[in-house]
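The values are calculated or read from the model by the stated rules, or taken from the named source; none is laboratory data. Small disclaimer: the values here were computed from a predicted structure and weren't measured. Don't worry about glycine lacking a Cβ; one is built from the backbone with ideal geometry, like all the others, and counts go over all protein chains shown. Side chains are part of the model used for accessible areas, which takes the heavy atoms of the whole protein and leaves out ligands, DNA and RNA. Shrake-Rupley method; radii C 1.70, N 1.55, O 1.52, S 1.80 Å.
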Amino acid sequence: MQAKARVGRHIAAATLGNALEFYDFITYGFFAIQIGHAFFPSHNAYASLMLSLATFGAGFVTRPLGALVIGGYADRVGRRPAMMLSFTLMGGSIIALALIPSYAMIGLAAPVLAVAARMIQGFSLGGEVGPATAFLMEVADERKRGQAVAWQGASQGMAAMTAGLVGVGLSALMPPAMLDTWGWRVAMLLGAVTLPVGLWIRSNLPETLHASQKAHGAAAGPGALTLVRRHWRIIVIAMTIVTSSTIATYLSSYLTTFAQATLKMTPMSAFIASAALNASIIVGAIIGGRLTDRFGRRPLLIWPTAGVLVGILPVYAWIIHARSPLVLAIGPSILAFVGSLRAGAFYTAVTESLPVRIRAGAFGLIYASMVALFGGTTQLTVTWLLHVTGNPMALAWYHFATAALGGCALLFIVESAPARLCPALAAA
């Protein structure tokens with residue numbers, strides 16, 4: 001019983017640290033319009049928003065490098081020191097971004113410094129996902145890996161929901177002009193004050209790398225490149241699925257911008273909808289993690305994907321037609337709940353299928369490279385599509401097409417849940 005409680009504390013601690021790091025990164029997306037006004041003033045609102053989103057995208061350029069450097073460090077030295085390094089870098093960069101003077105004060109230096117801060121954020125977050133996911137899988141009982149790893153997806157929802165709630169609070173307390181001037185800086189500094197807490201939490205985590213190597217005899221053997229070649233199939237499948245899920249994630253975070261810029265809704269209604277959506281992600285990920293340990297990885301990947309594909313077009317049409325704060329909160333939340341049921345199954349299936357010696361680095365690089373290619377460009381792409389077509393449903397069709405691509409890749413995932421591969425373990 002004590003061992004179970006200890007594992008639960010370790011999972012909670014890793015989850016909290018992961019959520020704090022994602023909060024820092026995601027907050028920028030929620031305040032893209034306000035940050036655009038601060039660093040990229042323009043008489044053309046479209047141009048200002050596009051420049052702000054381009055800076056948001058700059059944070060994705062360095063994510064693969066962070067995954068390679070910090071993920072490789074996690075596979076050589078340990079998960080805990082890698083997670084502490086990534087958290088420290090994120091905390092420093094978010095403080096820097098919050099304190100950079102506006103374009104009106106220091107001119108061109110403002111956007112240059114903002115881009116540099118975003119690139120450091122991207123590097124740190126790229127190095128966070130692989131070690132954190134590997135840690136969650138390795139610290140858990142193998143019969144409950146899905147439940148543990150599902151907190152990777154849930155923690156991202158926690159981060160985004162917290163950012164949304166902060167946005168709601170600041171929107172309620174501040175007029176738009178004040179939110180533009182320094183309200184968004186407050187949101188970022190709230191994340192920065194958690195730096196000492198996060199470092200303390202992570203310093204008390206156990207190291208799982210060496211225990212996992214011992215259990216699997218992985219301290220010696222083929223080199224990393226050889227292992228990557230041997231496991232190319234799961235790597236390619238995972239890259240395709242991450243592409244689809246990344247676009248869906250950043251379309252969800254774009255809803256605050258879409259509601260304000262395209263549907264002409266208030267910042268308050270947009271932030272409330274975002275908070276509701278991310279609450280649905282948390283609940284869905286936790287439920288899905290439990291279900292995947294019982295029924296396997298494949299069912300929890302395939303059936304929720306089918307549900308999302310059926311619902312995308314009707315939900316978007318409902319939102320656009322109603323232009324109601326209530327509908328904006330309910331519709332995307334339904335899609336988010338169904339889609340997040342897959343989180344634990346996907347993260348666990350991939351990490352279970354990768355050898356210990358490349359687990360953190362390979363998974364981190366899979367995730368970071370696809371997020372770099374498509375996460376940083378998704379909001380630019382849909383903003384451009386909406387501008388060119390003049391049709392709000394362009395967002396829905398883009399979401400549907402990319403979700404269908406991910407659904408096709410999911411069909412090739414091989415079942416890896418211990419409870420499904422070994423019935424005796426499921427009965428234990």
Residue list for region 84-114, filter: surrounded by fewer than 17 Cβ atoms within 10 Å (Cβ to Cβ) and either of a type in the set (F, W, Y) or not in a loop (DSSP other than H, G, I, E, B) (or both): T88, G92, L99, A104, M105, I106, A109, V112
For residues that are part of a loop (DSSP other than H, G, I, E, B) and more than 21 Å from the chain's Cα centre (by Cα), tally how many sit in region 297-341. 2
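Residues are listed down the side, and each one gets a yes or a no for (1) within 18 Å of V236 (Cα to Cα); (2) open to solvent by 20 Å² or more (accessible area, probe 1.4 Å); (3) assigned to a helix (DSSP H, G or I):
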site	(1), (2), (3)
S369	yes, yes, yes
T377	no, yes, yes
T383	no, no, yes
Y398	no, yes, yes
Top-ranked residue in region 194-224 [being open to solvent by less than 40 Å² (accessible area, probe 1.4 Å) and among the hydroxyl-bearing types (S, T, Y); ranked as modelled with the highest pLDDT]: T208
Listed by first then second residue, the pairs whose first member lies in region 68-83 and is among the hydrophobic types (A, V, I, L, M, F, W, C), whose partner is not in a helix (DSSP H, G or I), with beta carbons under 9 Å and at least 6 positions apart or on separate chains, are M83/L205
Does L365 meet the test of being modelled with pLDDT of 90 or more, open to solvent by 30 Å² or more (accessible area, probe 1.4 Å), over 19 Å from G284 (Cα atoms) and hydrophobic (A, V, I, L, M, F, W, C)? yes
Within region 256-285, which residues are assigned to a loop (DSSP other than H, G, I, E, B), open to solvent by 30 Å² or more (accessible area, probe 1.4 Å) and not β-branched (V, I, T)? K264
In contact with a Gly (Cβ under 9 Å, 6 or more places away or on another chain) and closer than 17 Å to I237 by Cβ: which single residue out of R342, R298 fits that description? R342
Which one of these does W318 not meet: (1) aromatic (F, W, Y); (2) surrounded by 24 or more Cβ atoms within 10 Å (Cβ to Cβ); (3) over 19 Å from E142 (Cβ atoms)? (2)
State whether one or more residues within region 70-83 are open to solvent by less than 40 Å² (accessible area, probe 1.4 Å), under 25 Å from H37 (Cβ atoms), in a helix (DSSP H, G or I) and among the aliphatic types (A, V, I, L, M). no
